[in-house]
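The values are calculated or read from the model by the stated rules, or taken from the named source; none is laboratory data. Owing to the predicted nature of the structure, the values given are computational and were not obtained by experimental measurement. Every residue, glycine among them, receives a Cβ derived from its backbone with ideal geometry; neighbour counts consider all protein chains shown.
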Amino acid sequence: MTKILQDAMPHSPIRLLCTDFDGTLFDHLSQPCIPKPLLEAIQRLQQRGCLWMVNTGRDKSYLLESLLPHCADVYPDYLGTVERELFHWNGHEYRQDAEWNRSVQTIHDDLFKTHETLITKVGQWIRTNFSAQVYEDPFSPVCLIASSQEEAEIIHEGVARITAEVDQLAWVRNDVYARFAHVSIHKGSVMREVARKHAIGPHAMVAAGDHFNDLPMLDRRYAEHLIVPSNSMPEVIEKARREGGYVANSQAGQGLLEGLTQLGMLEAAMKDPNS
């Protein structure tokens, strides 16, 4: 598309669309995993100046492994990964935001060093009392894969009790997975950093998610327009309703498309520029 044609098109009413990946954009049980009409709608929004960000708990390589075969060459402008890192699309590949990523790495290194004894205690407590898998990765000294949602809930409550006196330490849960993080670094703060770079206010932002780790970005202080699909966790649906967000009747990507449509975000994007 030429710049002249793009400039002639109506501008999008939103400037930043921030979506979770699994369960919000992508559904591995559906075919296609990302609805084609949704990708077409996002592409039209991008052509009218809206940035698209995928904000996920996956690391970059794991995200791209699922995203690239299914995105139909519609690429997010930004990736937020492991609820903290930031990458931008340069037209050929995703390059890290070195300044931001160094900053959040330093914050987490200091946090984990300061509370090493307590974090070790948490890992030992889980190993002793549960069948869950506990391991260390580059992002957290204690990571969890629970054997069930019920076990994850019990562990989550226990970790909250053990770490109650440490305000800066967050236990970030997503389904049966969890990891430690700094309480101020989450999907909401990563999304806010993208908005800061482009001078985008909450009134021009949409955030969409379905699970526990999406709760921080489903906040009208960050994005005034909120969408949650019907498959969202009850806590997510409750918060969306409390914040005045849109709770879709459809699941995952279909629910996201429904929300964008019902909120009127696609009206300008769907107009024929030649009409």
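Some notes on this structure:
- Note on region 35-112: enclosed strands (runs of 3 or more DSSP E) holding 2 or more residues that are in contact with a Lys or Arg (Cβ under 9 Å, 6 or more places away or on another chain) and surrounded by 21 or more Cβ atoms within 10 Å (Cβ to Cβ) are 51-55, 78-81.
- Of all the residues in region 243-275, those that are among the hydroxyl-bearing types (Ser, Thr, Tyr), surrounded by fewer than 18 Cβ atoms within 10 Å (Cβ to Cβ) and at pLDDT 95 or above number 2.
- Residue match in region 3-10 (condition: at pLDDT 95 or above, basic (Lys, Arg) and farther than 28 Å from Tyr177 by Cα): no
- Filter result for Ser250 (of a type outside the set (Asp, Glu), in a loop (DSSP other than H, G, I, E, B), in contact with a Pro (Cβ under 7 Å, 6 or more places away or on another chain) and touching a residue at least 12 places away in the same chain (Cβ under 8 Å)): yes
- The residues in region 155-164 that are among the aliphatic types (A, V, I, L, M) and either farther than 19 Å from Leu118 by Cβ or touching a Lys or Arg at 6+ places or on another chain (Cβ under 8 Å) (or both) can be counted, and the count is 1.
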